[in-house]
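Reading through the structure tokens given below for one structure.
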Number of protein chains: 2
Amino acid sequence: MHILVTNDDGVTARGLLALAQAMRKIPGSQVSILAPHRNWSITGHVKTFDRPLRVWEVRLADGTRALASDGAPSDCVSLALLGLLEQPVDLVVSGINPNPNVGHDVTYSGTVTAAMEAVIAGVPAIAVSLDRRGQDEAQVDYGPAAEIARQISVWVLEHGLPPEVLLNVNVPALPAEALGRVRLTRLGKRIYRDQLVRRLDPAGRPYYWYGGEEPTGVPEEGTDIGALARGEVSVTPLQMDMTAQGAWHKLAGLEKLGQA
Amino acid sequence: MHILVTNDDGVTARGLLALAQAMRKIPGSQVSILAPHRNWSITGHVKTFDRPLRVWEVRLADGTRALASDGAPSDCVSLALLGLLEQPVDLVVSGINPNPNVGHDVTYSGTVTAAMEAVIAGVPAIAVSLDRRGQDEAQVDYGPAAEIARQISVWVLEHGLPPEVLLNVNVPALPAEALGRVRLTRLGKRIYRDQLVRRLDPAGRPYYWYGGEEPTGVPEEGTDIGALARGEVSVTPLQMDMTAQGAWHKLAGLEKLGQA
């Protein structure tokens with residue numbers, strides 16, 4: 001079983017190493033790593049057509065051989081699946097992101113959009129993120145989340161996933177013995193608290209930052225946000241078909257337009 | 001009614017000008033334009049936190065005052081809605097993209113992700129794309145698509161849209177009298193035909209392009225791709241909630257993991 005590990009934080013991120021090490025424990029697995037050389041958080045689903053992409057070999061902190069690219073996370077997956085890796089890929093695992101990807105985060109997230117790219121190419125995919133709730137990233141233990149990712153990967157390799165569906169996994173940063181159960185969830189309601197911060201450069205011309213506070217969310221039962229609030233592992237199946245079938249009856253009047 | 005017009009092709013694109021001109025025809029409308037200064041096609045849903053954003057004034061080909069930014073399409077929408085535009089925005093219209101955005105294109109598309117950003121902020125949004133089927137972009141007539149966009153915008157301003165839903169509109173590049181009816185559709189099956197093209201730089205080091213052919217699609221009845229194939233205007237309601245509710249029963253076994 002050939003598993004591709006990628007992420008959106010850059011190939012040297014601690015979360016990627018923990019994930020790759022966990023994948024290597026799967027009996028019969030062969031693990032390849034192809035990930036961006038820099039951080040691509042909150043960059044969405046990219047396919048880089050306007051410039052060529054480079055790929056080069058790097059060594060991770062434990063000596064593992066990996067490939068880095070100047071492409072986006074979804075580019076790394078696409079390059080791998082289009083033949084940069086000679087052997088066909090059976091599973092793509094993306095992460096471990098050092099922040100949760102819940103609710104509306106999913107279309108922004110490089111971690112999740114890397115998994116989307118795989119699913120579009122017909123390869124099962126799992127995105128894994130950690131809810132570290134203020135813990136220092138340099139100190140946080142990715143081990144329990146990596147172990148959960150390993151178990152979910154084994155399950156997916158055995159059972160497969162429905163077509164066009166990926167798994168979005170969020171794990172609280174708790175010791176293994178304190179982790180709650182695995183819950184199938186739906187996307188919850190994210191509350192963004194961005195504010196526009198206007199500053200002036202030394203020449204007196206304005207520039208703008210997104211400021212404000214970290215997003216929060218509604219910890220409703222049955223949602224990813226609710227599961228994390230209870231210390232549980234959230235597994236949300238996401239489908240690529242975004243058609244709002246339930247909205248059609250409210251929109252029927254649109255079909256009468258254009259008939260002058 | 002305050003309408004924000006944006007796009008992913010850059011503020012000077014012909015499609016944006018045609019769209020803005022059509023929006024200005026809506027009685028009582030005030031139209032603002034804030035769009036990227038360069039092309040951001042296939043760049044996904046971006047929020048630029050790692051650098052500040054600039055915004056400056058430009059004039060379009062007809063003398064219209066517009067704002068340009070070095071941010072992504074979704075940044076332009078976010079900047080506008082976070083207060084860069086003083087007056088609250090009632091509708092965001094994105095386009096007119098000079099190529100269709102159908103099937104799996106939607107999560108990649110700057111045109112569509114700009115509309116997603118609006119919907120997340122609670123503002124109704126419409127993405128508009130043209131299927132010009134090999135016609136030269138410099139020659140193609142955006143007028144009929146802009147007129148359809150105007151009619152749909154009037155409808156949306158009057159009736160609203162369900163929460164968390166945007167309209168993804170694709171219009172064949174046909175003369176107004178040859179355009180088929182407006183169809184509510186679901187996302188169809190896109191067939192990507194990318195191939196990896198490996199080249200060597202003058203120093204003999206490899207670099208990679210996405211090559212291959214333009215994507216095609218399955219023109220199934222009821223889908224966006226099917227409607228375009230019949231010369232019809234496709235309106236696909238898209239929902240931001242990507243939860244694959246229908247997949248849950250197949251994934252129930254995942255809830256037993258982690259219980260050693």
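Any residue in segment A:27-42 that is in contact with a His (Cβ under 6 Å, 6 or more places away or on another chain), surrounded by fewer than 24 Cβ atoms within 10 Å (Cβ to Cβ) and modelled with pLDDT of 95 or more? There is at least one residue in segment A:27-42 that is in contact with a His (Cβ under 6 Å, 6 or more places away or on another chain), surrounded by fewer than 24 Cβ atoms within 10 Å (Cβ to Cβ) and modelled with pLDDT of 95 or more. Of the residues making up segment B:60-79, one or more are in a helix (DSSP H, G or I) and aliphatic (A, V, I, L, M).
Taking each residue of segment B:102-114 that is over 10 Å from B:Ala127 (Cα atoms) and at pLDDT 95 or above and looking for partners that are assigned to a helix (DSSP H, G or I) and polar (S, T, N, Q) with beta-carbon atoms closer than 8 Å, six or more apart or interchain, yields B:Thr107/A:Thr107; B:Thr107/A:Thr113; B:Thr107/B:Thr113.
I'd like the full set of residues that are without any contact (Cβ under 8 Å) to a residue 12 or more places away in the chain, under 29 Å from A:Ala146 (Cβ atoms) and not in a helix (DSSP H, G or I), limited to segment A:214-253. Answer for segment A:214-253, where residues must be without any contact (Cβ under 8 Å) to a residue 12 or more places away in the chain, under 29 Å from A:Ala146 (Cβ atoms) and not in a helix (DSSP H, G or I): just A:Glu221. Criterion applied to B:Glu137, B:Glu117, B:Glu147 was being outside any strand (DSSP E or B), of a type in the set (D, E, K, R) and within 15 Å of the chain's Cα centre (by Cα), and the one residue passing it is B:Glu117.
Checked against the criterion of being within 12 Å of chain A (Cβ to nearest Cβ), farther than 30 Å from A:Pro73 by Cα and touching a residue at least 24 places away in the same chain (Cβ under 8 Å), the candidates B:Leu53, B:Leu81, B:Leu60, B:Leu85 yield just one match: B:Leu85.
Just to be sure, is A:Leu200 surrounded by 15 or more Cβ atoms within 10 Å (Cβ to Cβ) and among the aliphatic types (A, V, I, L, M)? Answer is no for this residue.
Across segment A:191-224, the qualifying residues are those that are facing another protein chain (nearest Cβ under 7 Å) and either of a type in the set (Asp, Glu) or touching a helix residue (DSSP H, G or I) at 6+ places or on another chain (Cβ under 8 Å) (or both), and the one among them that is nearest to B:Leu85 (Cα to Cα) is A:Leu196. Checking each residue in segment B:151-184 for being within 10 Å of chain A (Cβ to nearest Cβ) and under 16 Å from the mean Cα position of the chain (by Cα) picks out B:Ile152, B:Glu164, B:Val165, B:Leu166, B:Leu167, B:Asn168, B:Val169, B:Val171.
Taking segment B:133-145 as the range and being surrounded by fewer than 24 Cβ atoms within 10 Å (Cβ to Cβ) and within 24 Å of B:Ala72 (Cβ to Cβ) as the test, only B:Glu137 passes. State whether one or more residues within segment B:206-213 are touching a residue at least 12 places away in the same chain (Cβ under 8 Å), buried (at least 16 other Cβ atoms within 10 Å of the Cβ), under 30 Å from A:Arg54 (Cα atoms) and not hydroxyl-bearing (Ser, Thr, Tyr). Yes; the residues of segment B:206-213 include at least one that is touching a residue at least 12 places away in the same chain (Cβ under 8 Å), buried (at least 16 other Cβ atoms within 10 Å of the Cβ), under 30 Å from A:Arg54 (Cα atoms) and not hydroxyl-bearing (Ser, Thr, Tyr).
The values are calculated or read from the model by the stated rules, or taken from the named source; none is laboratory data. Bear in mind that the values here come from a model prediction, so they are computed numbers and not experimental data. Note: ideal-geometry Cβ built from the backbone for every residue, glycine included; neighbour counts use all protein chains shown.
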